[in-house]
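Okay, so here's the structure we're looking at.
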């Protein structure tokens, strides 16, 4: 028995915290000097390996120029790898010994081992008293639980397909594109999936989970997706609290370096909604890699879990995204069109213009192929397939979504998302004649927009009445609408500015400021 327990301590996960239990206060796990010292050695080696993998194209070039690709160089490199490997596995054994001598860890590993064998309600409850590296947690729910045989859910994809054709002549650039996407490219788009970011935020994430579980009574669960990734989720249930919004579930979608522990969950929680947060594939406790197909499978599992396991109907689910989370939120909106509404905060229309702006001009062709083939985050295309209420929130000092400097508000890609949405939904109003005035409106901050609307003498009451009358009398009220066919140019202009003011809120902030609660509200609908 002691041998088995010793093996479990060597192979087991890192323990972070023992949560509050009744009157017993929560406390952080305190490893011995032996365990913590060995853990630092292990962490350093893993970080260096991850960094070398990320920078492998550059690193290989340096090794080649320094003559390490000779027979002698390869032998020396092999010796170095062997020494590092010996140090690594020695540290693992030493850490296991330190854990074996710690009664807190031995209590935890016993509970974890029992839960891994039989994950019943009792073992789940006992295991929920600990915070630990989540790769070791048993799976609580599987996508296949509700998607079997003929009832398997069919996924909808946006119509656009920009994957360039392949040929023999394109093989060299295809290989280079693949390498770029799987080394630095994907990590530039989703830095939260790198070892560096995960190491830096480990402490704040532990604190965030402790707050969610001990103060908000959050329930952590691991979901197994269709493509066998394990997604770390946190659910805060407000239905029993009889709060104003408790029966409505907000599904949050984080940014490219955001985590549910310290991210978008805070705003709807402050408004007393029920909330479920989840981490992207490769972020913190979630496995996988955040490529578009895995992102889709992750949000699909979260939605299916929310409906079939947690018991929320789609019309009582709100999709709320920040930044790049707009990709998964709009994919979910497209595939679950009956959701209550969608809020997109600091979100862009398409990643391609942002990629062009961040990369050198000479690499434009390679950037285009890499993004189109592997990182095609076509948010606008997906949003146009969603028929429900939408609210866009633009950060007027957004340093991430402007393709020039943060003061160039007219280059904020949120503007283009709104323009595409309105052009699709109201094509007889927002067309070539009114787009210039809409672009002028979007080049201004909120105060300037109000001045423009006053100067144009926009009659908001007329716009509201005209829209309601059309919706009451029209035979077809599905987007795109035919309203505006008989409008004068002035009426079209007024309605364009009115619609823009109803679909987008301007928040005077930079990209990463937490969203104040007053911006989280029911979107306007026609």
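What's the angle, to the nearest 10 degrees (0 to 90), between helix 103-117's Cα axis and the longest principal axis of the chain? Helix 103-117 sits roughly 70 degrees off the main axis of the chain. In nm, to one decimal, how far is the residue 397 label point from the residue 25 one, both placed 7 Å along Cα→Cβ? Those two pseudo-labels are separated by 3.8 nm. Computed from the Cα positions only, the extents of segment 45-169 along the three principal axes stand at 60, 58, 20 Å, in decreasing order. The fewest-to-most ranking of 259, 100, 519 by surrounding Cβ atoms within 10 Å reads 519, 100, 259. With the highest mean first, a sort of the peptides 183-196, 449-462 on other beta-carbon atoms found within 10 angstrom per residue produces 183-196, 449-462.
With only alpha-carbon atoms in the gyration tensor, what are the semi-axes of the equivalent ellipsoid for segment 280-418, in Å, largest first? Working from the Cα gyration tensor, I get semi-axes of 28, 19, 12 Å. Take each peptide in 311-319, 497-505, count the other Cβ atoms within 10 Å of every residue, and average; sorted highest first, the result is 497-505, 311-319. Stretching the chain fully between residue 433 and residue 518 yields a gain of 27.2 nm (0.36 nm per residue, less the alpha carbon separation). Be a star and scan segment 405-423 for residues whose amide nitrogen sits under 20 Å from the point 7 Å along the Cα-to-Cβ vector of residue 159. The answer is 417-423. Taking the C-alpha atoms only, the angle from helix 33-54 to the longest principal axis of the chain is near 50 degrees. Distance from the alpha carbon centroid of segment 443-477 to that of segment 221-282 works out to 35 angstrom. Shape analysis of segment 160-252 places it in the prolate category; the axes a ≥ b ≥ c from the Cα gyration tensor give an a/c of at least 1.5, with a/b above b/c.
Shown for 150, 399, 35: other C-beta atoms within 10 Å of each C-beta, ranked fewest to most, produce the order 150, 399, 35.
When each of 291, 80, 97 is scored by the number of other beta-carbon atoms lying within 10 Å, the sequence from fewest to most is 80, 97, 291. Go ahead and collect, in residue order, the members of segment 9-47 whose backbone nitrogen is under 13 Å from a label point 7 Å along the Cα-Cβ direction of residue 214. Hits in segment 9-47 for residue 214 at 13 Å: 16-30. Note that segment 334-484 shows a convex hull volume over its alpha carbon atoms of 139 Å³ per residue.
Working from label points 7 Å from Cα in the Cα-to-Cβ sense, the residue 147 to residue 240 distance is 3.0 nm.
Compared with the dominant Cα axis of the chain, that is its longest principal axis, helix 413-425 is turned about 50°. Across segment 139-388, the relative contact order, built from alpha-carbon pairs under 8 Å that are at least six residues apart, equals 21 percent.
If R0 is taken as 56 Å, the Cβ-Cβ distance between residue 175 and residue 489 corresponds to a FRET efficiency of 0.55. Given R0 = 45 Å, the distance between the Cβ atoms of residue 34 and residue 166 translates into a calculated FRET efficiency of 0.25. If the segment from residue 47 to residue 119 were pulled out straight at 0.36 nm per residue, it would be longer than the present Cα-Cα gap by 22.7 nm.
Structural size metrics of segment 139-388, computed from C-alpha coordinates, are Rg and Dmax of 18.3, 64 Å. Quick note on the chain: its Rg to Rh ratio, both from C-alpha atoms and Rh being the Kirkwood radius, is 1.01.
Counting 0.36 nm for each residue step from residue 450 to residue 76 and taking away their Cα separation leaves a gain of 127.7 nm. Shape summary: segment 426-526 maps onto an equivalent ellipsoid whose semi-axes, from the alpha-carbon gyration tensor, are 25, 17, 12 Å in decreasing order.
The label point for residue 87 and the one for residue 363, both projected 7 Å from the Cα toward the Cβ, are 3.1 nm apart. Between the C-alpha center of segment 4-36 and that of segment 311-362 there is a gap of 38 Å.
Only the coordinates and a few stated rules stand behind these numbers; no lab work does. Note that the coordinates shown come from a computational prediction; the quantities given were computed from them, not determined experimentally. With ideal geometry, Cβ positions are generated from the backbone for all residues, glycine too; neighbour counts draw on all protein chains shown.
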